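Chemist: Dropping the structure in here first, questions after.
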Number of protein chains: 4
Amino acid sequence: MLKIGIVGFGYWGTNLVRNFAVQQDAVLYGIAEQRAERHAIIKKNYEKVKIFTSDDDLINDPNIDAVVIATPVFTHFGLAKKALMAGKHVMVEKPMTSSVAESLELIELAAKKNLILMVDHTFLYTGAVQKMKELIDSSTIGSPHYFDSIRVNLGLFQPDVNVLWDLAPHDISILTYLINYKPHSINATGISHTNNNIENIAYMTVNYQNDFIAHFNCSWSSPVKVRHTLIGGDKKMILYNDLEPSEKIRVYDTGYDHKTEEDRNRIIVDYRTGDVFIPKLSGTEALFSVAKDFINSIKNNTQPRANAQLGLEVVRILEASQESIKQKGKEVLIK
Amino acid sequence: MLKIGIVGFGYWGTNLVRNFAVQQDAVLYGIAEQRAERHAIIKKNYEKVKIFTSDDDLINDPNIDAVVIATPVFTHFGLAKKALMAGKHVMVEKPMTSSVAESLELIELAAKKNLILMVDHTFLYTGAVQKMKELIDSSTIGSPHYFDSIRVNLGLFQPDVNVLWDLAPHDISILTYLINYKPHSINATGISHTNNNIENIAYMTVNYQNDFIAHFNCSWSSPVKVRHTLIGGDKKMILYNDLEPSEKIRVYDTGYDHKTEEDRNRIIVDYRTGDVFIPKLSGTEALFSVAKDFINSIKNNTQPRANAQLGLEVVRILEASQESIKQKGKEVLIK
Amino acid sequence: MLKIGIVGFGYWGTNLVRNFAVQQDAVLYGIAEQRAERHAIIKKNYEKVKIFTSDDDLINDPNIDAVVIATPVFTHFGLAKKALMAGKHVMVEKPMTSSVAESLELIELAAKKNLILMVDHTFLYTGAVQKMKELIDSSTIGSPHYFDSIRVNLGLFQPDVNVLWDLAPHDISILTYLINYKPHSINATGISHTNNNIENIAYMTVNYQNDFIAHFNCSWSSPVKVRHTLIGGDKKMILYNDLEPSEKIRVYDTGYDHKTEEDRNRIIVDYRTGDVFIPKLSGTEALFSVAKDFINSIKNNTQPRANAQLGLEVVRILEASQESIKQKGKEVLIK
Amino acid sequence: MLKIGIVGFGYWGTNLVRNFAVQQDAVLYGIAEQRAERHAIIKKNYEKVKIFTSDDDLINDPNIDAVVIATPVFTHFGLAKKALMAGKHVMVEKPMTSSVAESLELIELAAKKNLILMVDHTFLYTGAVQKMKELIDSSTIGSPHYFDSIRVNLGLFQPDVNVLWDLAPHDISILTYLINYKPHSINATGISHTNNNIENIAYMTVNYQNDFIAHFNCSWSSPVKVRHTLIGGDKKMILYNDLEPSEKIRVYDTGYDHKTEEDRNRIIVDYRTGDVFIPKLSGTEALFSVAKDFINSIKNNTQPRANAQLGLEVVRILEASQESIKQKGKEVLIK
């Protein structure tokens, strides 16, 4: 049976541990965690799990087949590289790494060693995102025209990454998963209300070479929590409100056709509005499915939904956004 | 008694006529409208009002003291200039003109002739904006940190101006009225889903030389109508939702202080969340107050709230946004 | 062409006048209104309409074919009777009369004289009620199980009728129109916060001889306005929220089956929850359709949707509710 | 240190165990639970807690000072009586017992033996109810006029008690706690959609001898979950929506005064509407405070907030409601 080791037993690590502990085709073998006060919790709830105080010891333990990394972003690359070098399959928290170069290096290494490399883009495993994927892939909404996301709340000011690196990976991974067009360039602006120049409010436009556009509004400084994404197609449009307990997805039978009257250069738009449909969504816990997909991908040597290539695309956009903010919003091509 | 002439009896002109017809200190003398089918409606409802089929005839009628211009944007400058030349006080629909140069020329002309020049930025006369002005001027919300506005709906695709020129003037005028900081530069991006290159979705950041930022999200292609503005201060924050019938303004007793722990460069933010307060707002029709302010400003030779200088600031931002879109989102300084 | 006379030019009378004035197959001939200050408004807007200062003069004018009565409830019977006696078709405001006996007398009189007698239950002509009728008649929701209505707001305390007579006719007419079961009895309770013993808050249960139940919650003393009706079927359930601007009807794919395990007398209920569907509704003004239905019914000698029989059923329930309140909530059989 | 025994480790028992396990001034000594499959969970999470397979053994264990009873309603009386007889302090789940007579007997017994008898009316310990208590006791809302509660959802059809006994105890306990007037009589109606005559939808009016009224709408058969209580005072009104995550209480600065014009018997009501205030509420888990109040009451020999007398008042209303439903809604005096 596949043996899993998890590095990091913080807030999110706790959720990962809980979900890996109940998988049928794998065993949670060990957890690496330096803070002694966290060990008691592990012992109480997972008495058979081995506790490591050193990340390296876990990574190099020959009993372990696969390593899950739930540590701060800047440590992802180093830990993942070590694990791959040690012949372990790897799942890292999102975002995958701090740079495109690092992500590329990990992908290459995983390929060379024929190991699974996955990123924990949990949202791809929610019922809401699965339903949107289905609505888009089946052409129910027609050709996608735009993706507009707002993710704001009173949030912890992170000391090392700005609000886009912190909040946008969720929505960028959803965009990347849902929309097959290749993003071309980025514009981003933002502001820091602290003296360390780390933006706590930021805006990003993702430009494409066709007439699709994506926009992201992220903030740690909003008095209200908003999780609101609009996806417009020419046949239908989707409103995805992740705060709705049971009505996260609304499908509007709304579209528009336009034509130009040549003589007056006037655009005539025929709007159509119709019914609204709120599909019932699958209620499985997304993180359980993430763990399962990782395990199955290892067993079957297939690529998981949240594969490293998708994780790389997210980092490409984030890295370009950082460059654009530095250049005061100038368009930056995505590498 | 002051005699008013209105040029244009379209959708908005009808509202202007209705509100000028009931003012105490002025008389609605004439309406200029070329479309014959509109004349019957005027005759039925305003039997004593003189109908002009030529704009110039109304503008030059010696009985008329003040001219209200409710025609498409590209005609504002020409009509307003003629009216000022003819010695009439002028109120134009928003936005004031199609360019900064035109606005400056009108302002200069009005000054030289000692005439009132006003722009119909109606929102400044709503109970909601008045309440926000009061909350900001009294330092109730503390130092303003950001202004974030979303104004999207299924809207008429305009043939001559993009979605920012069409929808953003409302929010830019509110920003200009509420926030005393001087905007420094603009970044704007957008997309056209028609073949005339007129953006139907656009995003704009207004940058300042202090740590304030403003952002605008405008769309004619959203299945849901949203009118949502957040204004963050360091003491309190405001949510202005113009679609709420009776609770347009919510004041959150939410703020944040931040300090840097030097050794770790970590930002510690102390959030505070508290009560929410929903003030009762004045219910007067805003456009009635617009008309009254125009009349009073003429009578008293004072500047109206929605004065030409404020109208000019709005055009400055719009013009810069257009230049930024052309330069693919690059920062454009506001002239 | 059919000639219409309207008695009463108050709040609702104004709406009736506006809608009868634009009908194709009838002419608005006259309005009876005693208050002189209202005459100016009529003259200005409906210059060809004859003004009567006496209700009787209008009713007896030989030019008039049909009379619309928009006066206080206690005058309905007297005016309608006179009009029928004078050979006029009649539409009265809701509720039809102050008692079952009066309604029966009018119905008999209309039948004898072969005249149309209609009650202005406007809600039956809304897109929302039409959609619910369609959902119920097509068995989409299965067998109806309950009807639960809340209609509360800060309302005018009426001097002559209690809150049930004032607010419940809307919902009772909808119930009567949608549900074919015959109501059996009434329980009603309420309270008066004034010293005239007229209830400003009241509750009513309508009992049936099968397992259907209806309940009404009416108040003039709520700080929030609520218009909320649930209709439960065994296959689907409807939420009708009349305050929603464009989503008045929600159809829940929710139902329940129940069976009894005999040995333990335990009820096992299998709930099923699924999608929610928000149908687009017809946007025609309901009162226009009311006027049209009255005119067509006269022309074709057919019964209108809001016919006198339905109006009588509403009065039966209201009269029984009054009796039950008097008897401190005791069950009162519907006559 | 006080030693606690808990009878019943079902859904709610689990919550009680979790909250008693973390109290400072008491020790969770034992849990009585017959179902063997539940024992493993207890052992895993509370390894030092003694497991009893017989309720009587726990009740009679001399080490135990106080017994918490979390079993079906019909068993409350028997178990509580045994525990009191055995000299233990007792907290029972709500509702206290199945009849007034039983509740009275327990109260008498507890008094005779000088033992604390408490009912787990958890809602009295929520931040929302505490805030309402404060608003009412401080006369902020003025004289209370009405209490109107809606508690509906898709709920488990209980095999032994109807929907009022299942859902209304929450709201009746809140009413009893907040309003000092003594209820006089009950009217209740309802319907059973099963063949065991247990109502799954029911309505109840509580009448008072002054001009206060309370009403309850309970259902297990609603497609939407509603937790909505209005409390009207003559100065202000409260909307308590328990489903709101952070805005459960809204205070409307709305009131009404009324006077009668003697000559016309016309009621003139002056409504006043003003600001809305949403107070921040305490976030402590209510059940933790319940456990703490039980322990403190034992230690200090004082009455807990959710004391037996309050629990008795709830049962008085429930028993009268059952009688009224049997008598088809007739008014039943509260014993």
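Chemist: With r defined as the distance between the Cβ atoms of D:HIS184 and C:THR273 and R0 fixed at 35 Å, what FRET efficiency is calculated, to the nearest 0.05?
Modeler: So, using R0 = 35 Å, E works out to roughly 0.30.
Chemist: Using only Cα atoms, find the angle between the long axis of helix C:73-85 and the longest principal axis of chain C, and express it within 0 to 90 degrees, rounded to the nearest 10.
Modeler: 60 degrees
Chemist: Also, quick follow-up: Would you mind listing how long the range D:176-335 runs along its three principal axes, going by Cα atoms, in whole Å with the largest first?
Modeler: Computed over the Cα atoms, the extents are 61, 45, 38 Å.
Chemist: May I pose another question? Determine ³J(HN,Hα), in whole Hz, for all residues of the range D:189-206 in sequence, where each value follows from phi through the Karplus function 6.51 cos²θ - 1.76 cosθ + 1.60 and θ = phi - 60°; x replaces Gly and Pro.
Modeler: 9, x, 8, 10, 9, 10, 9, 9, 6, 9, 5, 9, 10, 8, 10, 9, 10, 10
Chemist: Give the shape of the protein assembly as shown as rounded, prolate or oblate, defined through the alpha-carbon gyration tensor: a ≥ b ≥ c are the square roots of its eigenvalues, a/c under 1.5 means rounded, and otherwise the shape is prolate if a/b is larger than b/c and oblate if not.
Modeler: Oblate is the answer for the protein assembly as shown, as a/c is 1.5 or above yet b/c matches or exceeds a/b.
Chemist: Compare each residue of the range A:214-230 in its chain alone against the assembly with all protein chains, and report those whose accessible area goes down by 10 Å² or more; 1.4 Å probe, heavy atoms.
Modeler: Residues meeting the cut-off: A:HIS215, A:ASN217, A:SER221, A:SER222, A:PRO223, A:VAL224, A:VAL226, A:HIS228, A:LEU230.
Chemist: For the range C:24-37, what does the Karplus curve 6.51 cos²θ - 1.76 cosθ + 1.60, with θ = phi - 60°, yield as ³J(HN,Hα) per residue in whole Hz, taken in order and with x for Gly and Pro?
Modeler: Ordered by residue, 3J(HN,Hα) equals 7, 9, 7, 10, 7, 8, x, 10, 9, 7, 7, 6, 4, 5 Hz.
Chemist: So which aspartates and glutamates can A:LYS182 reach, going by Cα to Cα under 18 Å and dropping same-chain residues fewer than 8 places off?
Modeler: Filter leaves A:ASP137, A:ASP148, A:ASP171, A:ASP211, A:GLU313, A:GLU319, A:GLU331.
Chemist: Ordering C:ASP171, B:ASP275 by how much accessible area each has at a 1.4 Å probe, largest first, what is the list?
Modeler: B:ASP275, C:ASP171
Chemist: Top to bottom by accessible area (1.4 Å), largest first, where do B:MET91, D:MET85 land?
Modeler: Values: B:MET91 0, D:MET85 110 Å².
Highest to lowest solvent-accessible surface, that is D:MET85, B:MET91.
Chemist: Now for a separate question. Assuming R0 = 25 Å, can you tell me the calculated FRET efficiency for the pair C:LYS44 and B:ASN301, based on Cβ-Cβ distance, to the nearest 0.05?
Modeler: Computed FRET efficiency for C:LYS44 and B:ASN301: 0.10.
Chemist: Under 18 Å from a label point 7 Å along Cα→Cβ of B:ALA101: give me every residue in the range B:290-314 with its amide N that close.
Modeler: Of the residues in the range B:290-314, B:312-313 have backbone N under 18 Å from the label point off B:ALA101.
Chemist: Something else: So if a site counts as exposed when it's one of the GluC sites (Glu not before Pro), its DSSP state isn't H, G, I, E or B, and it has at most 10 other Cβ atoms within 10 Å, what's the longest stretch of chain C without one?
Modeler: Numbers: sites that count: C:GLU47, C:GLU262.
Answer - C:48-261.
Chemist: Round to the nearest 0.05 the FRET efficiency obtained for B:LYS235 and A:GLN327 when R0 = 35 Å and r is the Cβ-Cβ distance. Mind showing how you got there, number by number?
Modeler: Values: r = 34 Å, r/R0 = 0.96.
It comes out at approximately 0.55.
Chemist: Something else now. Tally Lys and Arg at +1 and Asp and Glu at -1 over the other residues with C-beta under 15 Å from the C-beta of D:GLU37: what net charge comes out?
Modeler: It works out to a net charge of +3.
Chemist: In the full protein assembly as shown, how much of C:ILE325 is accessible to a 1.4 Å probe, in Å² to the nearest 10?
Modeler: 30 Å²
Chemist: Then there's this: Count the net charge of all other residues whose Cβ sits under 15 Å from the Cβ of C:LYS330, scoring Lys and Arg as +1 and Asp and Glu as -1.
Modeler: Neighbourhood net charge equals 0.
Chemist: Another question, then. If Rh is defined by the Kirkwood formula over all Cα pairs and Rg also comes from Cα, what ratio Rg/Rh do you get for the range D:139-251? Don't skip to the end; give the middle numbers.
Modeler: On the way: Rg = 14.8 Å, Rh = 14.8 Å.
Here the Rg-to-Rh quotient is 1.00.
Chemist: Dipole magnitude of the protein assembly as shown about its Cα centre, charges +1 at Lys/Arg Cβ and -1 at Asp/Glu Cβ only, in debye to the nearest 20? Write out the running numbers ahead of the final one.
Modeler: Details: 148 positive and 156 negative charges, 1 e Å.
Computed charge dipole of the protein assembly as shown: roughly 0 debye.
Chemist: Tell me, how many Å apart are the Cα centres for the range D:145-161 and for the range C:1-65?
Modeler: Value for the Cα centre distance between the two parts: 50 Å.
Chemist: Would you mind telling me which residue in C:THR53, C:THR229, C:THR189 has the biggest mean-square fluctuation in a Gaussian network model of chain C, where springs connect alpha carbons within a distance under 10 angstrom?
Modeler: Checking each option, the largest mean-square fluctuation is seen for C:THR53.
Chemist: Would you mind checking which residues have amide H under 5 Å from D:MET118's amide H? H placed 1.01 Å from N; only 5 or more apart, or other chain.
Modeler: Amide H to amide H, under 5 Å and 5 or more residues apart or across chains, D:MET118 pairs with D:VAL90, D:MET91, D:VAL92.
Chemist: Grab every C-alpha pair in the range A:75-192, bin the distances at 5 angstrom width from 0 up to the longest one, and report whole percents.
Modeler: 2, 9, 16, 18, 17, 17, 13, 6, 2, 0
Chemist: Find every distance from the label point of B:ASN195 to the corresponding label point in the other copies (7 Å from Cα along Cα→Cβ) and write them in nm, one decimal, shortest first.
Modeler: 5.8, 7.0, 8.0
Chemist: Let me ask something else. 7 Å along Cα→Cβ for the label point: how many nanometres lie between D:ILE51 and each equivalent label in the other copies, listed shortest first?
Modeler: Once sorted, the set of distances for D:ILE51 reads 2.5, 9.0, 9.2 nm.
Chemist: Can you check what the net charge comes to around C:LYS113, using other residues whose Cβ is under 12 Å from the Cβ of C:LYS113 (Lys, Arg +1; Asp, Glu -1)?
Modeler: Summing Lys and Arg as +1 and Asp and Glu as -1 gives +2.
Chemist: Sorted by accessible area (1.4 Å probe), largest first, how do B:ARG35, B:ARG316 line up?
Modeler: So the residues, ranked largest to smallest area, are B:ARG35, B:ARG316.
Chemist: Kindly identify the range C:200-260 as rounded, prolate or oblate by the Cα gyration tensor criterion: order the square roots of the eigenvalues as a ≥ b ≥ c, call it rounded if a/c is under 1.5, otherwise compare a/b with b/c, prolate if a/b is larger, else oblate.
Modeler: oblate
Chemist: Moving to a separate point now. Over the range B:47-108, average the accessible area per residue using a 1.4 Å probe and give it in Å², no decimals.
Modeler: 41 Å²
Chemist: Report the charge-dipole magnitude of chain C in Debye, nearest 20, computed about the Cα centre from +1 at each Lys and Arg Cβ and -1 at each Asp and Glu Cβ.
Modeler: 580 debye
Chemist: While we're looking at this one, here's another question. What average count of beta carbons from other chains do you get within 10 Å of the Cβ of residues in D:152-160? Walk me through the intermediate numbers first.
Modeler: Numbers: counts 2, 0, 9, 2, 4, 8, 2, 7, 3.
Going residue by residue through D:152-160 and averaging, the value is 4.
Chemist: Given a 1.4 Å probe and no ligands, DNA or RNA in the count, how much accessible surface is buried by C and D, both sides, to the nearest 100 Å²?
Modeler: Details: alone 16070 and 16070 Å², together 27660 Å².
Roughly 4500 Å².
Chemist: Shifting gears a bit: Output ³J(HN,Hα) for the range C:90-107: one whole-Hz value per residue in order, computed from phi by the Karplus curve 6.51 cos²θ - 1.76 cosθ + 1.60 with θ = phi - 60°, and x for Gly and Pro.
Modeler: These are the phi-based 3J(HN,Hα) values: 9, 10, 10, 5, 8, x, 3, 8, 8, 7, 5, 4, 5, 4, 4, 5, 5, 4 Hz.
Chemist: Keeping the other protein chains in place, figure out the carbon and sulfur percent of the accessible area of chain C, with a 1.4 Å probe.
Modeler: Carbon and sulfur together cover 49 percent of it.
Chemist: Using alpha-carbon positions, what is the distance between the centroids of the range A:173-238 and the range C:183-238, in Å?
Modeler: The distance from the Cα centre of the range A:173-238 to that of the range C:183-238 comes to 48 Å.
Chemist: Restricting to the protein assembly as shown, what percent of DSSP beta bridges are antiparallel, rounded to 5?
Modeler: The antiparallel proportion sits near 60 percent.
Chemist: Tell me, how many Å apart are the Cα centres for the range D:85-132 and for the range A:89-121?
Modeler: First find each Cα centre; the distance between them is then 60 Å.
Chemist: In terms of the Cα gyration tensor, with a ≥ b ≥ c the square roots of its eigenvalues, is chain D rounded because a/c is under 1.5, prolate because a/b exceeds b/c, or oblate?
Modeler: prolate
Chemist: If amide H atoms are built 1.01 Å from N in the plane of the peptide, which residues on other chains or at least 5 residues away come under 5 Å of the amide H of C:PHE157?
Modeler: When sequence neighbours closer than 5 places are left aside, the close amide H contacts are D:VAL269.
Chemist: Taking the DSSP beta bridges in chain B as the whole, what percent of them are antiparallel, to the nearest 5?
Modeler: Working: 45 of 73 bridges.
Counting only bridges with both partners in chain B, antiparallel ones make up about 60 percent.
The values are calculated or read from the model by the stated rules, or taken from the named source; none is laboratory data. What you see is a predicted model; the values in this text were computed from it and never measured. Positions of Cβ are backbone-derived with ideal geometry, glycine not excepted, and every protein chain shown enters the neighbour counts. All accessible areas refer to the heavy atoms of the entire protein, side chains included, with ligands and DNA or RNA removed. Shrake-Rupley method; radii C 1.70, N 1.55, O 1.52, S 1.80 Å.
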